[in-house]
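Below is one structure, written out as structure tokens; the observations come after it.
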Amino acid sequence: MAKTSTTSQGLRTAIERSGYYPALVAEAVEAAVGGEPVRSYLVHQETTFDQNEVRRHVTVLVLTANRFIVSHTDEQAADSTSPTPYATTSTESVKLGRISSIVVSRVVANPESYTPGTLPREIVLTIGWGAVSRIDLEPAACGDPDCDADHGYTGSSTADDLSLRVSEAGDGPETVRQALAFAQALSEATADLH
């Protein structure tokens, strides 16, 4: 791991490189981090198309010795609430001990000839800390095809506070590497607590 000042400067550089309102994003992230040393980070910009508009979104993930910090910044077009375009920035600070799950889903090409260390084509990083849960329900049924009784519902509840998809084609290989490094650093930091 790089020295703390180098890691903090790398975070600032990555925010500036994203080109997405860097002064606004950096101020929000730096205020949330405070004086804590940055252990690892990930800056991910996503562009989406909404009807005739292009919308940008940036997510910044920061790991400190005690906390996991998530920052989201979105831009909005002028609307009935604002005559000019605007951006919203939010930060959330989560104590590392609250993180309950870290899921890294990897997509690799040609798995039959996979070589360890080869970069996945894409990853999905899902982190849960109990703030948001997703419930998937479906009608319960029995094995009798002629049964028309109400068997209630069955389903599952999944912690789904943050889900971030990074791909080599869309984000570049360095962002995929950084996402994997961040996921590993977060896993190691939370493993020390449990």
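The values are calculated or read from the model by the stated rules, or taken from the named source; none is laboratory data. On a predicted model such as this, the values are computed, not experimentally measured, just so you know. All Cβ positions, glycine included, derive from the backbone under ideal geometry; neighbour counts span all protein chains shown. Surface accessibility is based on the protein's heavy atoms, side chains included, excluding ligands, DNA and RNA. Shrake-Rupley method; radii C 1.70, N 1.55, O 1.52, S 1.80 Å.
Here are a few things to note about the model shown:
- The shape of region 1-85 can be summarised by an equivalent ellipsoid whose semi-axes, obtained from the alpha carbon gyration tensor, come to 28, 13, 10 Å from longest to shortest.
- A simple charge model with +1 on the Cβ of Lys and Arg, -1 on the Cβ of Asp and Glu and nothing else charged puts the dipole of the chain at about 1140 debye relative to its Cα centre.
- From its DSSP helices (H runs of at least four residues, each -39,500 (n - 2.57)), the chain gives a residue-normalised ellipticity at 222 nm of -8000 deg cm²/dmol.
- Per residue, the solvent-accessible area of the chain (1.4 Å probe, heavy atoms of protein chains only, all protein chains present) comes to 59 Å².
- In degrees, nearest ten, helix 173-191 long axis to first principal axis of the chain (Cα): 70
- Relative pair counts by distance (%), Cα atoms of the chain, 10 Å bins: 8, 29, 31, 19, 9, 4, 1
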